[in-house]
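Data first, discussion second: the structure below is written as structure tokens.
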Amino acid sequence: MTPRQQVFAAIDAANAADPRLEDGQPVELLYGQRMTAEQERLHPDATDALAIACRGQHIERWLLPRQDFPEGREGYLTWRREQGRRHAERVMGLMRDAGYPEDQVDHAGRMLRKEGIKRDPAVQALEDVACFTFIRHYLGDFATTQEPDALLVIVQKTARKMSPEARLRALAEFPMPAQFAAAFELEDAR
């Protein structure tokens, strides 16, 4: 078993304990597998640090429920930062256990904490993978819970997180109504 496979197995074992189920599988186990599938499509030559960050982005996420934080944007952002910190620490520990050098461990941690988004290509790659995973697997069901104006804002925010290359690829891969497609168009192309 390679070090990457060892860390994947440890992440999957941790996420298999998620009591929430989707399609008969633990929610975060399924999410990690979906993230890996998108990473392999978007970045087939990913470094181990990027591949592991993708697989472990939501490791044991259910252990820190959103409802434990205040309502509203500030509570949500605090929860997300704490999740990122926890995910980074957990994944970094698994990478150390598998013998990865500290520079790779640290880089995976920065990715999971989203440090350097839009500046570090690997952090941006993780964000692009997460956005594609959201669009492909979660946006449809999520859309049924939102008012049309609120949904458009969420789609616009998702597009803004993505690299220009990922935005163009999303336009090519996902059929979407014109108002959603406009969110993914590059400013200089308008």
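So if I average 1/r over every pair of distinct C-alpha atoms in region 41-108 and take the inverse, what Kirkwood radius in Å does that give?
For region 41-108, inverting the mean 1/r across all distinct Cα pairs yields 13.1 Å.
Give the label of the value calculated from the structure for percent of Cα pairs over 29 Å apart, choosing from (i) 22; (ii) 16; (iii) 27.
So the calculated entry is the one marked (i).
With contacts defined as alpha carbon pairs under 8 Å and 6 or more residues apart, what's the relative contact order of region 1-61 in percent?
Computed value for region 1-61: 39 percent relative contact order.
Quick one: Debye curve from the C-alpha atoms of region 1-87, no solvent, what's log10 I(q)/I(0) at q = 0.13, 0.15 Å⁻¹?
Treating every Cα as an identical point scatterer, log10 I(q)/I(0) equals -0.47, -0.61.
For region 34-96, which whole-number percentage of the solvent-accessible area (1.4 Å probe, protein heavy atoms only) is attributable to carbon and sulfur atoms?
Of all accessible area on region 34-96, carbon and sulfur atoms account for 50 percent.
Cα gyration tensor of region 120-159, axes a ≥ b ≥ c as square roots of the eigenvalues: rounded (a/c below 1.5), prolate (a/b > b/c) or oblate?
oblate
What relative contact order, as a whole-number percentage, does the chain give when Cα pairs under 8 Å and 6 or more residues apart are counted?
For the chain, the relative contact order is 18 percent.
Once you've got the GNM for the chain with C-alpha springs shorter than 10 Å, pick whichever of GLN104, GLN25, GLN146 has the biggest mean-square fluctuation.
Sorting by GNM fluctuation, first place goes to GLN146.
Where the centroid of each part is defined by its Cα atoms, how far is region 124-187 from region 46-69 in Å?
So the two Cα centres are separated by 20 Å.
With only Lys, Arg, Asp and Glu charged, each at its Cβ (+1 for the first two, -1 for the last two), find how big the charge dipole of region 82-150 is about the Cα centre; round to the nearest 20 debye.
120
Considering the Cα positions of region 69-128, please state its Rg to one decimal place and its Dmax as a whole number of Å.
Every Cα atom of region 69-128 included, Rg and Dmax give 12.9, 41 Å.
Excluding ligands, DNA and RNA, what is the solvent-accessible area per residue of region 30-140 at a probe of 1.4 Å, expressed in Å²?
46
The values are calculated or read from the model by the stated rules, or taken from the named source; none is laboratory data. Remember, it's a predicted structure, so these values are computed and weren't measured experimentally. Quick reminder, even Gly has a Cβ in these numbers, built from the backbone with ideal geometry, and neighbours come from all protein chains shown. Just the protein is used for accessible areas: all its heavy atoms, side chains included, with ligands, DNA and RNA removed. Shrake-Rupley method; radii C 1.70, N 1.55, O 1.52, S 1.80 Å.
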